[in-house]
Structures are given as structure tokens and as C-alpha cells.
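Have a look at the structure below, then the notes.
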Amino acid sequence: MKLLTHNMLTSKIIKGVQQGYPLGITATKVDVKEVDFNPDFVSRMIPKLDWPALCKAAEDVGHSAELPKEVVPEYETNEEFLKKAHHVLLQVEVIEGNLVCPESGRKFPVNNGIPNMLLNEDEV
Amino acid sequence: MSTPLKIPKVLLEQYATTTHIAACMLHTIQTRYGDIEGKLVADLGCGCGVLGVGAAMLGCGYLIGFDIDEDALEIFKGNLKDFEIDNVDLIQTDVNSSLSESNFKKSFDTVIMNPPFGTKHNPGMDMLFLRSALDISSNAVYSLHKTSTREHIKKKASDWGVELEVVAELRFDLPNTYKFHKKQSVDIEVDFIRFSHTAKKRR
């Protein structure tokens with residue numbers, strides 16, 4: 001699971017959970033994979049992102065040093081910034097671990113890079 | 001060719017999208033509407049990823065595949081590795097119960113899907129998928145539905161305030177996938193439909 005996916009994911013589906021966001025990450029295996037840099041795409045994603053949640057996720061997986069704490073002005077033309085965002089959004093990947101609901105503490109296992117968001121019947 | 005599922009599960013209506021149909025769909029989505037290249041795309045009920053892998057090959061910005069079935073997702077994962085695709089992520093989830101309520105609301109530019117038609121054990125399943133797809137998309141949803149249900153789908157689209165365009169009528173060749181299939185192979189008529197949110201915006 002890449003952090004771009006994590007940035008969009010919630011545990012609001014659990015009965016009684018209000019926001020369920022952002023999900024905590026406890027990772028036992030994190031990979032960094034080379035992914036083609038597409039500045040236009042990254043630039044278009046920036047306004048859709050929850051930046052503080054991205055910073056928190058980067059911190060959880062030990063890659064916060066590579067990410068600016070805030071979105072810079074005129075990021076569209078700032079290649080250095082876009083490259084850093086690209087790296088954290090698309091190249092850092094949680095392979096094994098858990099996503100943790102911030103309200104209920106419910107854990108969603110990540111196996112082979114795929115988060116399992118399925119709930120038990122009594123949770124929906 | 002991507003690897004298909006070895007033992008399809010009847011309850012999930014796992015009829016594979018043939019690579020030919022997938023290629024025709026994706027080619028049209030890109031060349032006629034420009035809705036793949038550089039876009040944030042979701043593939044609902046992605047299965048082994050015939051549509052998802054194709055969309056990645058056509059240069060989508062990023063794609064997330066959603067499916068309930070772990071085995072299908074593992075095969076999708078293997079296909080990604082084989083094709084050296086690195087901008088696709090997969091989530092195991094129940095498309096019907098979990099997507100509308102989630103933070104994925106309106107995030108995706110484009111949703112592509114070949115939903116379960118809802119014929120055998122899951123009546124109305126394709127419409128539940130469609131509702132989720134519309135909830136998480138900001139621009140367009142591309143989907144396949146049985147031609148025999150076209151009027152019903154038109155009415156639903158109108159109720160939901162989205163535009164509908166039948167892009168093509170396909171003949172879907174369902175090979176003898178499951179034990180209850182008596183014939184070797186059966187052709188069914190399927191509509192390839194584009195749903196768009198533009199009507200809503202113009203109002």
C-alpha cells in the first residue's frame with residue numbers, strides 16, 4: 001500500500017466510528033520502489049491530499065525526513081517539492097503491518113502490500 | 001495475457017473480462033474521451049486486473065483496484081509484477097458496503113468496472129456497484145451492463161442526475177465457467193456505458 005492510497009482511506013465504515021481518519025500505520029516491512037515521476041499528475045494530486053495526514057503517515061513509516069511539513073506556494077512549478085511528494089506518495093510502500101483506526105483501535109492487516117478492509121458482520 | 005482465476009467463485013460472479021473487450025473499452029475511453037492518461041482511476045471489482053493492467057499500460061496516473069476476493073487480488077499483484085507496473089495499488093474490501101461512506105468520495109477522475117451483472121444470486125448487484133462508482137468519481141464511470149436492463153439503468157441514471165451514453169453494444173461471450181452452465185458457451189448482449197457527472201455541474 002502506497003501512502004497516496006493511505007491518504008484516501010478511512011475506517012468510517014465501522015459502526016460508531018465518526019471520522020476514522022487518518023489511519024495509523026504500524027509497519028513491519030516497508031519498501032521503497034522506483035516509480036516513474038509524473039510531475040503533472042503529482043501536481044494535480046496535491047490539492048486533493050490531506051497534507052497533515054500524509055506527514056503523519058510518512059512519520060509512521062519512518063520517511064518523514066523526506067517530506068516538507070507544508071505545501072509550498074506555487075508548488076506546480078517547484079520540481080524539487082513535487083519530487084519529494086512523488087517519493088512519499090508513490091515510492092514508499094507498506095508491505096506488511098497494520099492500519100489502525102484512530103477511534104476504535106481496530107486493526108486492518110496489510111499483507112503482501114494489500115490492506116484488508118473487510119469487516120465482520122457485527123462491525124457494520 | 002494476464003493470468004485468470006483458476007477456480008472462479010459463483011457467488012462473486014467472477015466472469016473474466018476478455019482481454020479483447022478490455023482493450024476495446026480502454027482504447028475508446030482514452031481516444032474518445034481522454035479519461036485514462038494521467039488520471040486517478042479506480043477499478044471496482046477489479047478481479048485479476050484485466051481492466052486495471054490495461055489502464056496502467058495506457059498511462060493512467062494512478063489506479064486503485066478494489067475487490068473482495070483475496071485470491072483474485074494476489075493474481076492481480078502477480079500480473080503487475082509481470083508487466084512491471086508500479087503505479088497501481090490494491091485494496092481488499094466490499095465495494096458495496098464500504099465505498100460510499102468512505103473518504104474516497106469524489107476522489108477519482110475515472111472509474112472503470114465490469115460489475116457482477118447480478119443475475120444468479122446477487123440481484124441488483126451491478127446497480128450497487130454503479131452507485132459506489134458514482135459516489136467516488138468526479139468525472140466519469142465506465143461500466144458494462146446487460147442490454148436487457150438498459151431502460152432500468154436509464155431511469156436510475158436520471159434519478160441520480162447523471163448523464164448516460166451507451167458507447168457500444170457488445171456481445172459478451174461467457175464460456176462455460178460454472179457447473180450450472182449447461183451450454184458450452186453463451187453470448188449475451190451487453191451495453192458498454194459511460195456515465196458522467198457533467199449534467200449535474202451544468203445545472
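Loop-only GluC sites (Glu not before Pro) in segment A:42-112, please: DSSP not H, G, I, E or B, and at most 15 other Cβ atoms within 10 Å.
A:Glu70, A:Glu74, A:Glu103
Restricting the count to DSSP beta bridges whose residues both fall in the protein assembly as shown, what percent are antiparallel, rounded to a multiple of 5?
Beta bridges within the protein assembly as shown, antiparallel portion: roughly 65 percent.
Taking each residue in B:90-100, count the Cβ atoms of any other chain within 10 Å of its Cβ, then average. What number comes out?
Whole-number average of other-chain Cβ neighbours for B:90-100 is 5.
Taking the dipole about the Cα centre of segment A:70-124, with the C-beta of Lys and Arg at +1 and of Asp and Glu at -1, give me whichever of A:Ser104, A:Val92, A:Val72 is farthest to the positive side.
A:Val92
Using the Kirkwood formula over every pair of different C-alpha atoms, what hydrodynamic radius in Å results for the protein assembly as shown?
When all Cα pairs of the protein assembly as shown are included, the Kirkwood radius is 20.3 Å.
Within segment B:28-112, list the trypsin sites (Lys or Arg not before Pro) lying in a DSSP loop whose Cβ has at most 15 other Cβ atoms in a 10 Å radius. Kindly include the intermediate steps, with their values, before the conclusion.
Working: sites: B:Arg32, B:Lys39, B:Lys77, B:Lys81, B:Lys105, B:Lys106; in loops: B:Lys39, B:Lys105, B:Lys106.
Those satisfying the criteria are B:Lys105, B:Lys106.
If we count trypsin sites (Lys or Arg not before Pro) as exposed when they sit in a DSSP loop and have at most 13 other beta carbons within 10 Å, what is the longest stretch of chain A that avoids them all?
A:70-124
When only DSSP loop residues count, what GluC sites (Glu not before Pro) in segment B:45-105 have their Cβ near at most 13 other Cβ atoms within 10 Å?
B:Glu84
Give me D for chain A in µm² s⁻¹, whole number, from Stokes-Einstein with Rh from the Kirkwood sum over alpha-carbon pairs, 10 °C and 1.306 mPa s.
D = 106 µm²/s.
Report, in whole Å, the centroid distance computed from the Cα atoms of segment A:80-98 and segment B:71-94.
18
FYI, it's all coordinate maths here, none of it is from the lab. Model, not experiment: these values are computed from the prediction. Glycine gets a Cβ as well: all are built from the backbone with ideal geometry, and neighbour counts include every protein chain shown.
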